[in-house]
Every structure is written in structure tokens, then in C-alpha cells.
Amino acid sequence: MTTEPLTETGRQSHTFKAEVQQVLYILAHSLYTDREIFLRELISNASDAINRVQFEMLTNREVRNPELEPQITIEVNKEARTLSISDTGIGMTAEEMVEHLGTIAQSAARAFVKQAGEGAKQTVSEIIGQFGVGFYSVFMVADKVTVVSQSYRPDAPAAMWESSGGDSFTVGPAERAQRGTTITLHLKEDATEFADPWRIEQIVRRHSNYVAFPIMLDGRQINARTAIWRKAPREVTTEEYHDHYRQLTLDSQPPLSYLHISTDAPVDLHAILYIPSRRERGILERRIEGQIKLYSRKVLILEEAKDLLPAHFRFIEGVVDSEDLPLNVSRESVQSGTAGGSPVMQRLRKTLTARLNKELNELAEHDPEKYRTFWQEFGPFIKEGIATDYEHRNDLLKLLRVQTTKSGEEWITLATYKERMVPGQKEIYYLMAASREAALSSPHLDPLRARDIEVILFTDLMDGFMLSGLREYDGLRLRNIDEGELDLPGEVERPAPAIDDAQFTALAERIAATLGERLKEVRASKVLRDSPARLVADEAAFGREMQRIQQILGHEVQTGPRILELNPAHPLIAALARRAAADPNDPLIPLAAEQLYDNALLIEGLHRDPAAMAPRILRLLELAANAER
Ligand SMILES: Nc1ncnc2c1ncn2[C@@H]1O[C@H](COP(=O)(O)OP(=O)(O)OP(=O)(O)O)[C@@H](O)[C@H]1O
């Protein structure tokens, strides 16, 4: 930014930073249909400014005009084609104007220019929201903008900032009687609509209705008078909740569900918590995590209160308001739970968490379709909580849903699994695989299918993480069925081997020689029925769930050799064994060994490079077709 010498009026001319110039150019020259959001941005800045001065007043006595009521005032003049918005906020000094209204975070600007330049599908309001070019959006509708401000600092003189877009702005002294800021827009010819009071009221209702301070127009308050979370739930309509959610989050989809708490005892608590309908909103995934705004006595204490819910509920959006929070707390002390904030925060957290759990359980019970959506979008968070949050594990286990060999497309609870266990079953059986389809073709299922035992199919990356911390449910151990020695209830008849021991040994030796160090042992299976082979984990191999995650993420892990079990009653194994016994150098055997091993990895979702199998499969096909080489 370059700065020119003072002119006679005491104004100094500055050049916008290059990134700002680019942003301004795009904003001024694009035909955006939702230009009206410039007003939302200005109101949001005004509201921030009031929040900030309220905070100053809590901690700092030296504030100019402490008696001023928090208020945002809009004035329009059709003849002059102007719109102005004033606030009783923190104000800006001349230096702050240069700093805040001349620059823009460079990375944000670059990302903005890139997105806008690509003609991205999202609307300008989404882009602006994401990149924080808020103030500059005025240049979509104005060809000249004047800002006059009086800082809260008692000794700072009033100042003005003015620009017609382009590449420069001026800053100089000004007259302003009281603390706060007035921004005046000289509207472009095609933006006259924004000098119409009716239009302004419509925009405020649509985008800024729930701003916590009065927004005045022609002597009337045009935003909602009472914060909806302070109303009794029966007085709030679904539409109002949806509107509030949209204005809070900028999410274009309505929330999946919401929860409104309004109580005075044992704590004073007025809160609305929203469960979004999807996890990822907007291209930048800025809102993959929710935000909970914390108010006390109408003062916004925290824009993003982290400690009000356990970490696994971080996708929740909403507002929490409690009169019980001491006003003399700083943001930091509320956050860290010190300085007296702690006991109240803990009580709030406890109440909110319990109510949210209850709400989710009720959703599952009364609206299974919605709960299914919830589970698909936010299941991974619940699983994370189960693994890491011992305090809430039992509550979270009620929210857990799984698919099994018997559930089809349905999602069931562990309680349902338990009810459906066969007589004599003492453990919960599960299988980890790449997908449901892959899981259902797993050879490990053979002995359980034969006994009609239900098996949980875990196919999500987070499942491994969850299982690393979850060893049992309701007194039942969770057992991975890839283990060699499962003590299964009930007896089933075993199919008779189709080959003799010598033939089997010949095959086992050839396979062991081919697969070398990848295997600990090749042995005859006591449990396989319909499948030819399986890879069995070493029971001692603790932590395989986490290892699995590492493997899927492509990290090098020492997994230790496993045991290959062959099914001597299977036609393929029998045929291979006969060939191995007849000709130890039969070329089919090593190819088959490799392919059986790869099949096992594929089903488990652990194969590193499936494409590498293509030449071998081709060779196997040639052998099957007796093709000449
Ligand atoms: N009405 C106002 N009163 C006091 N300061 C203001 C006001 N409007 C803007 N500012 C200052 O100008 C800065 C830049 O505003 P701008 O809207 O461009 O970005 P932001 O508010 O920081 O980010 P975003 O609007 O995207 O959340 C603000 O951070 C604030 O410091």
C-alpha cells in the first residue's frame, strides 16, 4: 500500500493492496443476482462492532459514551440515491481504517479471486461468506462509499474513509458527535432498489432477522424483537427455526432436527441446538464443524464456544444463552473454564449433552428415516466419541448403528444384535471389510453362517478406530471373526475332505514356498465350508484395527505374517492338491497361491495395487482355456 502526502483538507490518499483491487474489480463488474447480501455483511460488521464495545465495557472503564444504547440504524434517501447504516459500536480510528478497510487477508483474497474467476457454481454470498471480503461487497451496489467513525478510545479523533472503488481510498479527519460508525453508500444507478425502505425491510428479515441488536428504519425496529431462543418453544414456528438456522449458518438446507431448551432452573438456560442435515456444506468445508454462540445477558461472549458440548458433537450448530455466566469473565476464562466460569459451564455442558442425547434417541425412535440420514452423515463422529470419550460411551452406544449379515439395508443397534443372538452365544462377532458386498463374500463367515450366527459388518474407516477403544458391549466381548480359534456355540457337520493327507501336504508345501515370508503357516482349515481359503490373524496380534486404518491410509505397517487356511473339502483346493502331488512343478500352483492370497486382501480392503493382478489373471485365464503360448 502506498501513501500520498496530506492534501489541504487533511486527507491522505492510499492505494488498496493489489489483492483488494482484484476483489473490488470482480465485485464491481460481475452481474451477481444476490447483490442484496452486501447489507447482511454491513449489519454483521455493525453487530460485531457493538459486541466488541460491550466487551470493552466489561473490562475497560475508559470507553467513550458508555451510555449509548446498542443499536443499528439504517437510513435511505431515494432522491439522493443513498443508503447509510450507523452503529453504536466500537468505532475505528484513522489508522484502523487504513488497516482494516484497505487490506484483506492475502490467502483469502487469492482464493476468492480464483473461485470467482472460475465461475464456480456457488453464489457470491457463499463466496463472500467463506473468504471474509465482507465490507468490500458494498462495491457491488455503490460507486462511492464514505465511512465516518468515532473510536471508543476517549482521546482518538473522529475519522473518515472514502473510496469510489478502483485502486485507491482516502482517509482524513471528520466530525462525529458520538462513538460508532456510519457507512454511507452512494448507490449505482442500477441499484436504486436499495434506497427503498420496503426493500430494505425485506432484506433485513431475510438475512439479518435474528441479529441480537435492534435494527431501526424510519424509527421502527425491523428485525425480530425477541431472540427466539428466549421465547417459549411453543411460541416459535418451524419456519422461524429454519430461518434462524439459515441466518446463523448460511446453510441452504434446513436442519435435520433441532432442540429448544428454555429453563430457569437448575441453571438459567435458553438454547437452540441444530443438527444440520449434512456434514459438508459449501465447497470449502468451512462448516464441517458447527459453531455454538454463547450469550450472557444479551452480550455475545463467544462466537464459537468449544466447551459446551463434548468434542464428538462438534457438528452441532446453535445458540446458548445463560444469565448465570458471570459477566466479568473474559472470553479466555470462559473457554478454559477458569475464573469462576467453570462450574456454570460444566452444568451447562451437562444439561446440553444430556438433552441432545435424549433428542437423538427420540429421533431414532420416532423418525427412523431421519435418523438414518443422521447416522450416514454424522455416524463417524459418534464412533469417534465411543472410542475416546469414556464418560459418554454408554449414551453413545445407544446411538450406534451397524449393519450385519442379517440386517440387509437396515441399520440395527447392538441391543437388537444381542436380542437376536443364538442360544449359547457369548460373544459379539464382527468382520472388517472394504464394503458390505466384500464382507458378505468373506470366507470368515463360513462357520458362522453354518450356525446361523449374525455377524456385524464393519466397513467404515472409523470403525477400526472405534474398535480400538471398544472391547465389549453390555458384558459381551466383541470378537473379530478372522481369528483362528473361535469357540463357536453349537456343532455342525463338517464336509469330508476330497483328498488324502499326502496330496494336501504337497499343495501346502508349494504354496508356503511361493508366498514365503508373507505367511507364518499353511494349514488345513477346520471351519471353512463354501470358501477355498482364508487368511487368519494371529490371535496375539493386538491392535490390528488400528493397523488396518494405517494400511488403508497407505502407511507402511509391520503387520506380521498370517496363517493361510485351506479348505480340503473345496473342489478347487482338491484339484490343486492333486495336481501338486502329481507334478511338483505344475505352473498353475504358484499362480493360484498368489491369487488366493490377493483375494483375501481384496475382500478385507487391504490390497495395495489391484491393477497389478491383471497379468496374473490373464495367465490364469489362458491356462483355464488351454490357450497356447
Ligand atoms: N461498523 C464497523 N465498526 C467497526 N469496525 C468495522 C466496522 N465495519 C468493519 N470494521 C472493521 O473492518 C474490518 C473488515 O471488515 P470486513 O467485513 O471486510 O471483514 P471481517 O468483518 O473481518 O470479516 P467477515 O465480514 O468476512 O466476517 C473488520 O474486521 C473490522 O475491524
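All of the numbers you see were taken from the coordinates with simple rules; none came from a lab. The structure displayed is predicted, hence computed values, not measured ones. Using ideal geometry, Cβ is built from the backbone for each residue, glycine included, and neighbour counts are taken over all protein chains shown.
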Note down the nm distance, to one decimal, between modelled labels 7 Å out along Cα→Cβ at N60 and at R347. 3.2 nm
List the residues, sorted by chain then number, that are 5 or more residues from A537 or on another chain and whose placed amide H is less than 5 Å from its amide H. E483, G484
What distance in nm separates the simple spin-label points at L601 and V422, each placed 7 Å from Cα in the Cβ direction? 3.3 nm
Could you tell me the center-to-center distance, by alpha carbons, between the range 58-101 and the range 459-524 in angstrom? 72 Å
Over the range 402-480 - Rg/Rh using Cα atoms and the Kirkwood inverse-distance radius: 0.92
Work out the P(r) tail for the range 570-619: percent of alpha carbon pairs separated by more than 14 Å, whole number. 57 percent
Please report the antiparallel percentage of the DSSP beta bridges confined to the chain, to the nearest 5. 75 percent
Dimensions in Å of the range 43-92 - Rg and Dmax from alpha carbons: 13.1, 44
To the nearest 500 deg cm²/dmol, what mean residue ellipticity at 222 nm is calculated for the chain from DSSP H runs of n ≥ 4 alone, each contributing -39,500 (n - 2.57), summed and divided by the residues? -11500 deg cm²/dmol
Taking amide hydrogens as modeled 1.01 Å from N in the peptide plane, which residues meet the under 5 Å criterion relative to K406, leaving out close sequence neighbours? V455
Where the only charges are on Cβ atoms (+1 Lys, Arg; -1 Asp, Glu), what is the dipole of the range 501-626 about its Cα centre, to the nearest 20 debye? 160 debye
Enumerate the amide H contacts of I428 below 5 Å, restricted to partners 5 or more residues apart or on another chain; note that Pro and chain-start residues carry no placed amide H. R477, L478, R479
Convert each backbone phi in the range 231-237 into a coupling constant with the Karplus relation 6.51 cos²θ - 1.76 cosθ + 1.60 (shift: θ = phi - 60°), then list the ³J(HN,Hα) values in order as whole Hz, x for Gly and Pro. 7, 6, x, 5, 8, 10, 8
Identify the residues of the range 477-498 with backbone N under 15 Å of a label point that sits 7 angstrom from the Cα of R451 along the Cα-to-Cβ direction, or state none. 477-494
Given a Förster radius of 60 Å and the C-beta distance between R225 and D530 as r, what FRET efficiency does 1/(1 + (r/R0)^6) yield to the nearest 0.05? 0.30
If neighbour count is taken as other Cβ atoms inside 10 Å, put W198, W411 in order from fewest to most. W198, W411
For N585 and A502 in one chain, what is 0.36 nm times their gap in residues minus the Cα-Cα distance, to one decimal in nm? 28.3 nm
Report the Stokes-Einstein translational diffusion coefficient (µm² s⁻¹, integer) for the range 501-626, Rh taken as the Kirkwood radius over Cα pairs, at 10 °C with viscosity 1.306 mPa s. 103 µm²/s
Principal axis dimensions, largest first and in whole angstrom, of the chain by Cα: 106, 63, 40
Kindly give Rg over Rh for the range 20-221, based on alpha-carbon atoms, with the Kirkwood expression for the hydrodynamic radius. 0.95
Spin-label pair D367/D324, simplified geometry with 7 Å Cα→Cβ offset, distance in nm: 2.9 nm
Fewest-first ordering of D307, D538 by Cβ atoms within 10 Å yields D538, D307
Distant alpha-carbon pairs in the range 497-540 (separation over 17 angstrom), percent: 38 percent
Tell me, what HN-Hα J-couplings in whole Hz come from the Karplus equation 6.51 cos²θ - 1.76 cosθ + 1.60 at θ = phi - 60° for each residue of the range 371-378, using x for Gly and Pro? 5, 4, 4, 4, 5, 5, 7, 10
Residues L621, L300, L27, L588 in order from fewest to most other beta-carbon atoms within 10 Å are L621, L588, L300, L27
Applied in sequence order to the range 143-156, the curve 6.51 cos²θ - 1.76 cosθ + 1.60 (Karplus, θ = phi - 60°) yields integer Hz couplings, x standing for Gly and Pro, of 9, 8, 10, 10, 10, 10, 9, 10, 5, 5, 6, x, 9, 8
